[in-house]
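What follows is one structure encoded as structure tokens, with my remarks underneath.
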Amino acid sequence: MTPRPTVTPSTILSLTVAGLTPVLVLVAVYITFRGHNAPGGGFAGGLIIGIVLVLRYLTDGAEALRRLPVDPVVLIGVGLGAAVLTGIAPLLVGGSFLESNVWKLDLWPVGQVKVVSSAVFDLGVFILVTGVVAAILVALAEADDEASRGETTGGTEGPTDGPPTRTGVDR
Amino acid sequence: MRTPTMLLLLLAYATTAVVCLVGHRRLGAASFPLATLPHLATFTWLLVVGGDVLDGTPLVAEVTWVGPLELTLSLRLDGFGLLLGLLISGIGALVTVFSVGYFGARDERARIAGLLTLFAGAMLGLVWADGLLTLFIFWELTSIASFLLIGTDDRSATARAAALRALLVTGAGGLSLLAGLVLLGIDSGEWTLSGLIAADPAGGVVPAALVLVLVGTATKSAQFPFQFWLPGAMAAPTPVSAYLHSATMVKAGIVVVARLAPAFASVGPWRPIIVVCGVASILLGGVRSMRQQDAKLALAHGTVSQLGLIMVLVGLGTPATTYAGVAVLVAHALFKAAWFLSVGAVDHTTGTRDLRRLRGVRRVPLLATSVMLAAASMAAIPPTLGFVTKEAALEALLEGGIGWTGTVALIGVAIGSILTVAYTVRLAVGVLGDSTTADDPVDTDDQHHPGPTLLGPPLVLALLGLGGGLAAAPVGEALARIAAALDPASGEGALYLWHGLNPALGLSALALVGGTTLWWATRRTTATADAPRSASTVAYDRLYETLLSGSRRVTGVTQSGSLPLYLGIVLLSVATATGAALAVDRGLLDVGALPVANSPLEVAVCVATALSGIGVVLARQRFGAAIALGASGYLLALVFLLQGAPDLAITQFLVETVTIAVYVLVLARLPQRFSAAPAWAPLWVRIALSVAVGLSVAGFALHASGTRQEPSVAAEYIERSEPEAGGRNVVNVIIVDFRGFDTLGEITVLAIAGAGVVNLVAAARREQRRKHLEDGTDVEDLSGRAPEVWR
Amino acid sequence: MSVTQAGLLAVLVSVGTFLVLHRSLTRIILGIGMLGNAVNLLILTVGSTPGEVPIVGSSGADRMTDPVPQALVLTAIVIGLAVVAFLLSMAYRSWTIDGNDVVEDDLSDRRIAAEPDVTQDFGDET
């Protein structure tokens, strides 16, 4: 039987992951934006956030996922909305749907910065993928949490009569 | 000349029908009076424009829907259409008036009124249709209306079966007609009846197309061997039978034949089919009519016989027979509708249609008059319209000049006339005479006297039959102008009440004498005859049952219900098709031209990936399997990396990590033990099938990788990536810029899948809670009891 | 595409097919995941030959591998994740509703297969 992740959270691990979370989020955002010129992009960035959530779940249990600052479904909507708006915006200035634009800005003291409209699209992808992965994890984790609460408080009626066997009679 | 009036009238019918059908609860007694309105409007309009139309200026109306596909609603009102329109709306109005009395306060009256109106509109569309596809649409609409009307008594299994039989036969015939019309349309390039007749196509496909058309017309007009549905259709209420199954709908096939015959009658199979089927119907219908005890069924078989006569006349397609056909059509519509309505009135008054039990009908003078006049016209006794038109028919056939088919037709019609007289006399005597044989006779005196709405309409029709005969000359002239619309040469035709002693008159006299004799000779045997099921009915029923049970058996064998088996069959087909192609054409698979491996490292990584893939199958535990799948996924990321795809490698790596987490979350609460389900096939079969699929896919991939003929679009993307999209990672630029629209679609899929997961899990949890509630366990208080799911 | 890659493809597809042909929902889902991987491999290897990373500046245009199949596969990988998650939650729901992890036979199909021939009543009118 696989160890159930919520049973024995390690305090040290928990603190480490909690401390790393902001760093990892920054990494994800960085991966997203550097995607235009190097391996990375919105899909990869969103998945990194997903892995952060998996880590938080492993250390702090479902509580960590339930206390997310934003509802994942809202993230899905925002991400999709951003992507669609990037598509529509050029229409307002007479362009075609999803037409991209590149602006070169002089920003002292950074020097010349290149801003690409499709970066907004990629940001939308990032937010959406984050939302989808988070939504999946939250939904499944809550169900898991509910079930495991039943198990841990399960007295003698639960599956405590011997370790459950996984006999692979599956055909 | 263009006019929208026809379309407006059809719209009026449709609106009235919808009003009756939708508002049937509130409409009640108003439904039949309402249903007369479109009939009256149509009849009046046709009388107004009639003169111009007969002078040779057809009215047309067209609504184009999809022009290039010839999907155009196109109507054309010529002389023939005028005549049929008058019959449909005129008899329709009378039938509707009759229905007021017949249906009284019965619940279904509004529904019947609506369906009758719907049918009338469809029928008008049919006879006015010029577009071949328009014709087909209205044709099928009439079939559907007929189906619904026959099945009015939907609690009777017999009525339901009869309705279904009529629908299947006429519907299948409709498809045959459609096939024929489409073939004619393609061959000639003309998609209107008028254009088709003018083009007179002579391609090799035309005979086959005409056979298909004739099959369609034979089903609709109840011609041998499809006549069997018509007697069954008598399950419909009598006004419906009078309207659909004697006066109008069964004329639809005749209408199409009449329009095509002048152009196509001389084409190979046309006349033999028409004459053989028509004469068979004449004789069969006549003989069978003699053996019925139900007056309505006797009339129905008589209709088959009469329709055979009209079919032969219009189908032979000479100017004289076409003229006679049109004339007989009118006479038949009048006397047969009168007959049916009279029988309906008798039925309504006495409660029976059994010829053996009826008494006292002759004491209702108006009803008796109708019956006698209708019988006289049906038996072709002078001076009725039935007589003068039958004379015209015999004369046209005696003219000859069309070879053996004409001779067979003449003999058939002569014998048919004798039979007609015999069954008419038997019917008239049965209805009007006082029964002496039955133990339980039914007398009219016991019942209510029929009201004016029941007596009026049949009397009007019967009197028209008499008046038409007396005014033979002007009627004949009008009919000639009408028939000229079909064939200009038919415009010469005329009707005579008396035109000297000639062979036709001789044949008529022979029919009267012979028929009466025949009736007298057989009156005792036919009084007790029990009509057997016709061979066609038996054959149809067998065919229908065989089809049903056959399809059930095929479904049972091929659809055993095992989903893995279905999937296996699909996959086997894929593997077989690909494998066979690769095996037959060795040139498809040129392995020698491809490298064995791109690098030694690739071999190592691929072997490792494959091994962990096989591990998924070998794992005895589900978690083991999930982890083996994850391992093969991670290794696959390396394969991607070696291919030169770091973006893919990163994504694959991250996805695999999240996937394992998701597996762990869900598998943790799936069953502890698998329920042992029987395998659908032995292990070796499943392994062999899987390997075959794998090899065929790999073979296909090897073949496909060597088939590029055009350069990839990549070169352009790479070139434009930095200057236009401002990015150096071409893969990312393609995703968010060049092919951004695709990505928008893909992230939408992601959003939907995410929302789906959230809802599925939420629903599953609700379900769980409900179960707990049913078990008496409180949702909020989970202490003490483990959830169901953990047992 | 090299023969080695084709061999790997054959193994992955065979394993995926074998898993999908099971009656256990879990194995079917594993099989779908496996087939997804296999198809991604197919598209990538059939559509491109190994080369340098398609990033302008870091490698020459003529030595680059084709980026188009990569772009196609990248989104497919993420969608594959969503599909597997969706299927797993369906399996979970199915389990909570009827406690079953087995793909049952289609009941209506079975009923048709088991049904005796129906004889129609046509009445007795002629």
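The values are calculated or read from the model by the stated rules, or taken from the named source; none is laboratory data. These numbers come from a predicted model, not from an experiment. Here the Cβ positions follow ideal geometry from the backbone for every residue, glycine too, while neighbour counts run over all protein chains shown.
Annotations for the structure displayed:
- Residue match in the range C:54-67 (condition: modelled with pLDDT of 80 or more, within 24 Å of the chain's Cα centre (by Cα) and more than 7 Å from every other protein chain (Cβ to nearest Cβ)): no
- Conditions (1) at the interface with another protein chain (Cβ under 7 Å from one of its Cβ atoms); (2) among the polar types (S, T, N, Q); (3) free of Cβ contacts under 8 Å to residues at least 40 places away in the same chain; number of the one not met by B:Thr546: (1)
- Search result, residues across the range B:329-347 that are within 15 Å of B:Leu83 (Cβ to Cβ) and not aliphatic (A, V, I, L, M): B:His332
- Breaking point among (1) at the interface with chain C (Cβ under 7 Å from one of its Cβ atoms); (2) out of contact with any Leu (no Cβ under 6 Å at 6 or more places or on another chain); (3) of a type outside the set (D, E, K, R); (4) more than 30 Å from A:Leu137 (Cβ to Cβ), for B:Ala698: (2)
- Single match in B:Leu459, B:Leu501 (criterion: surrounded by 15 or more Cβ atoms within 10 Å (Cβ to Cβ) and either in contact (Cβ under 8 Å) with a residue 40 or more places away in the chain or more than 30 Å from B:Leu168 (Cβ to Cβ) (or both)): B:Leu459
- Contacts under 7 angstrom Cβ, first residue in the range B:367-382 being on the phi > 0 side of the Ramachandran plot and touching a residue at least 12 places away in the same chain (Cβ under 8 Å), partner of a type in the set (Val, Ile, Thr) and surrounded by fewer than 20 Cβ atoms within 10 Å (Cβ to Cβ), 6 or more apart: none
- Pairs where the first residue, in the range B:554-570, is over 11 Å from B:Ala681 (Cβ atoms) and at the interface with chain C (Cβ under 7 Å from one of its Cβ atoms) and the second is acidic (Asp, Glu) and surrounded by fewer than 17 Cβ atoms within 10 Å (Cβ to Cβ), C-beta under 6 Å, 6+ apart: B:Gly561/C:Asp106
- Unique match (being within 15 Å of C:Leu41 (Cα to Cα), at the interface with another protein chain (Cβ under 7 Å from one of its Cβ atoms) and among the acidic types (Asp, Glu)) among B:Glu602, B:Glu656: B:Glu602
- Restricted to helices (runs of 4 or more DSSP H) entirely inside the range B:519-627, those with at least 1 residues that are over 28 Å from B:Gln652 (Cα atoms) and within 54 Å of the chain's Cα centre (by Cα) are B:535-558, B:563-584.
- For A:Gly81, the criteria (1) more than 7 Å from every other protein chain (Cβ to nearest Cβ); (2) under 14 Å from the mean Cα position of the chain (by Cα); (3) closer than 26 Å to B:Asp737 by Cα hold in every case but one, which is (2).
- Taking (1) surrounded by fewer than 24 Cβ atoms within 10 Å (Cβ to Cβ); (2) farther than 23 Å from B:Leu501 by Cβ in turn, B:Ala333 satisfies each apart from (1).
- Residue in the range B:146-162 that is surrounded by the most Cβ atoms within 10 Å (Cβ to Cβ), counting only those that are within 11 Å of chain C (Cβ to nearest Cβ) and either under 13 Å from B:His245 (Cα atoms) or in contact (Cβ under 8 Å) with a residue 12 or more places away in the chain (or both): B:Ala162
- Residues (over 17 Å from C:Leu44 (Cβ atoms) and among the acidic types (Asp, Glu)) located in the range B:700-745: B:Glu710, B:Glu716, B:Glu719, B:Glu722, B:Glu724, B:Asp737
- Taken over the range B:401-413, the criterion of being part of a loop (DSSP other than H, G, I, E, B) and at negative phi is satisfied by B:Ile402 alone.
- Among the residues of the range B:141-154, those identified as in a helix (DSSP H, G or I), within 18 Å of B:Leu230 (Cβ to Cβ) and not hydroxyl-bearing (Ser, Thr, Tyr) are B:Ile144, B:Ala145, B:Phe147, B:Leu148, B:Leu149, B:Ile150.
- From C:Leu87, C:Leu81, residue being more than 7 Å from every other protein chain (Cβ to nearest Cβ) and crowded, with 19+ Cβ neighbours inside 10 Å: C:Leu87
- Matching residues, the range B:30-44, being modelled with pLDDT under 90 and surrounded by fewer than 22 Cβ atoms within 10 Å (Cβ to Cβ): B:Ala30, B:Pro33, B:Leu34
- At least 1 residues being over 23 Å from B:Leu512 (Cβ atoms) is the threshold, and among the helices (runs of 4 or more DSSP H) wholly inside the range B:317-400 those reaching it are B:319-350, B:365-378.
- Residue in the range B:228-246 that is crowded, with 24+ Cβ neighbours inside 10 Å, outside any helix (DSSP H, G or I) and among the polar types (S, T, N, Q) present: no
Results for (1) assigned to a helix (DSSP H, G or I); (2) out of contact with any helix residue (DSSP H, G or I) (no Cβ under 7 Å at 6 or more places or on another chain); (3) at the interface with chain C (Cβ under 7 Å from one of its Cβ atoms); (4) surrounded by fewer than 24 Cβ atoms within 10 Å (Cβ to Cβ), shown as yes or no for each residue.
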{"position": "B:Arg720", "(1), (2), (3), (4)": "yes, yes, no, yes"}
{"position": "B:Phe741", "(1), (2), (3), (4)": "yes, yes, no, yes"}
{"position": "B:Thr748", "(1), (2), (3), (4)": "yes, no, no, yes"}
{"position": "B:Ile752", "(1), (2), (3), (4)": "yes, yes, no, yes"}
{"position": "B:Ala764", "(1), (2), (3), (4)": "yes, no, yes, yes"}
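- Taken over the range C:13-62, the criterion of being more than 21 Å from B:Pro595 (Cα to Cα) and in a loop (DSSP other than H, G, I, E, B) is satisfied by C:Leu21, C:His22, C:Arg23, C:Pro54, C:Gly57, C:Ser58, C:Gly60, C:Ala61.
- Restricting B:Glu391, B:Glu395 to residues that are within 25 Å of B:Arg271 (Cα to Cα), in contact with a Ser or Thr (Cβ under 8 Å, 6 or more places away or on another chain) and either surrounded by 23 or more Cβ atoms within 10 Å (Cβ to Cβ) or in contact (Cβ under 8 Å) with a residue 24 or more places away in the chain (or both) narrows the list to B:Glu391.
- Here C:Gly33 fulfils each of the conditions (1) surrounded by fewer than 21 Cβ atoms within 10 Å (Cβ to Cβ); (2) at the interface with another protein chain (Cβ under 7 Å from one of its Cβ atoms); (3) modelled with pLDDT of 90 or more apart from (1).
- Only a single criterion out of (1) at the interface with another protein chain (Cβ under 7 Å from one of its Cβ atoms); (2) within 14 Å of the chain's Cα centre (by Cα) is not satisfied by C:Gly51, namely (2).
- When residues of the range B:636-653 are limited to those that are more than 13 Å from chain A (Cβ to nearest Cβ) and buried (at least 24 other Cβ atoms within 10 Å of the Cβ), the one nearest to A:Gly46 (Cα to Cα): B:Leu636
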